[in-house]
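Peer 1: Take this structure first; my questions come after.
The values are calculated or read from the model by the stated rules, or taken from the named source; none is laboratory data. Nothing here was measured: the structure is a model prediction, and the numbers come from that model. Cβ placement follows ideal geometry from the backbone for every residue including glycine, while neighbour counts extend to all protein chains displayed. Quick note on the areas: whole protein, heavy atoms, side chains included, nothing else; ligands and nucleic acids left out. Shrake-Rupley method; radii C 1.70, N 1.55, O 1.52, S 1.80 Å.
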Amino acid sequence: MTVSLQWYIGLSVVLFGMGALGLLIRRNVLVMYMCIELMLNAANIAFVAFAEKLNDIGGQAAVFFVLVVAAAEVVVGLGIVVAIFRRRPDATVDDLHMMKG
Amino acid sequence: MTGFLAIHSSAIVATTLPDAVVFAVAALIILAGAVGVIVERNPVHSALGLVIALFGVALIFLLLKDDFLAAVQIIVYAGAIVVLFLFVIMFLGVDKREVIVRESLRGQRPLALALVLLAAVGILLLGAGAHYALGASSATGAATSQPGGEVAALGRSVFTTYLLPFEATAALFIIAILGAVVLTKGRGAPSEKRGEDGSAGDEPDDVSMSDGPGSSEDLEIGAGEQEGENGSGGEVGGVSTSVVRAPSATSQEVEE
């Protein structure tokens, strides 16, 4: 690991910030899910960089579990999106206030 | 002594420069893809930007000598998750452009930008300026130097140290599958009912068809009472005879 750890963490922070920014400013549910994927990938970069720095395989195992959780989350989330969009085809997240009291 | 140091430092530079170039290229790819995800109005273009960013992350994994995770990253993310995204986008036909002018919360976007910038710059400054301890390195050495390489080390770790999370992962997948099935099945019922009503309306002799089930129910109840009056002749036989009798009776009535 010849590129120092700070660069990887900096890249991870910037990528996480961009994902959070997209999650906050976009109104399309699918694009918001993509931004969540960006944030998960930023966390993965940090995990692998620290694992490589500390010679610890736990970081790679954590990335493995993050991948699994991301896959399950996308399956359930897209199922919900399909269920909602079938009923109202032009819905953005601002229109989804069925649970508002 | 100085000559040795000079040779050593030049060797370090020689091994560092390609890595630095690869890191810069990967970071540019990742950031370009992330900007594409955020900026593009069309969700399909956002998904393609996500693919670009994920390939950049796989490149970073390769740079960190993590070949297995790079392969898994490409297979799982670009091969499964983004394809799922694209499938849902195409399936729902929501690839129309998003109306981004309307804000439900006034000042949300500038506030989001300011807060994210503040948090990111704060973390970067903390990381650059503060002195922090990382903890001790693993005593077993690098994963790639262990017998079997990185894949064997990862498998050993997952099936020993992280066995309980691994099992929880299995439960999570089963729950996710059940959730997806329930979410997609719940909408199927109304359309099926609508289809049955439509087919019944298309039938020319719907009056006799609507009479059929009611009369057959009456006949079944009557048959059951008769069996009850005849005594305990065996419930299984009574049920079977009533079931056999009822369709013949309904067919006779329909013919009449």
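Peer 1: What list of ³J(HN,Hα) values in whole Hz, one per residue of the stretch B:164-175 in order, does the Karplus curve 6.51 cos²θ - 1.76 cosθ + 1.60 (θ = phi - 60°) give from phi, with Gly and Pro shown as x?
Peer 2: 5, x, 5, 5, 4, 4, 4, 4, 4, 5, 5, 5
Peer 1: Summarise the accessible area of the stretch B:9-95 (1.4 Å probe, protein heavy atoms) by the percent that is carbon and sulfur.
Peer 2: After summing per-atom areas, the C and S share lands at 81 percent.
Peer 1: Shifting gears a bit: Sort B:78-89, A:7-18 by the packing proxy (mean of other Cβ within 10 Å over each peptide's residues), most packed first.
Peer 2: Top to bottom by mean Cβ count within 10 Å: A:7-18, B:78-89.
Peer 1: Jot down the per residue volume, in cubic angstrom and as a whole number, of the convex hull over the alpha-carbon atoms of the stretch A:5-95.
Peer 2: Measuring per residue, one finds 63 Å³ for the Cα hull of the stretch A:5-95.
Peer 1: If you don't mind, there's one more thing I want to ask. State in Å² the accessible area per residue of the stretch A:5-95; use a 1.4 Å probe, count heavy atoms of protein chains only, and round to the nearest integer.
Peer 2: 33
Peer 1: Roll a 1.4 Å probe over the protein chains and send me the accessible area per residue for the stretch B:9-95 in Å².
Peer 2: Here the residues of the stretch B:9-95 average 43 Å² of exposed surface.
Peer 1: Something else about it: Could you report the buried accessible area between A and B, both sides summed, computed with a 1.4 Å probe and given in Å² to the nearest 100?
Peer 2: Summing both chains' loss of accessible area gives about 6700 Å².
Peer 1: Still on this structure, please answer the following. Can you pull the percent of chain A's accessible area that's carbon plus sulfur, 1.4 Å probe, other chains left in place?
Peer 2: Whole-percent figure for carbon plus sulfur exposure: 68.
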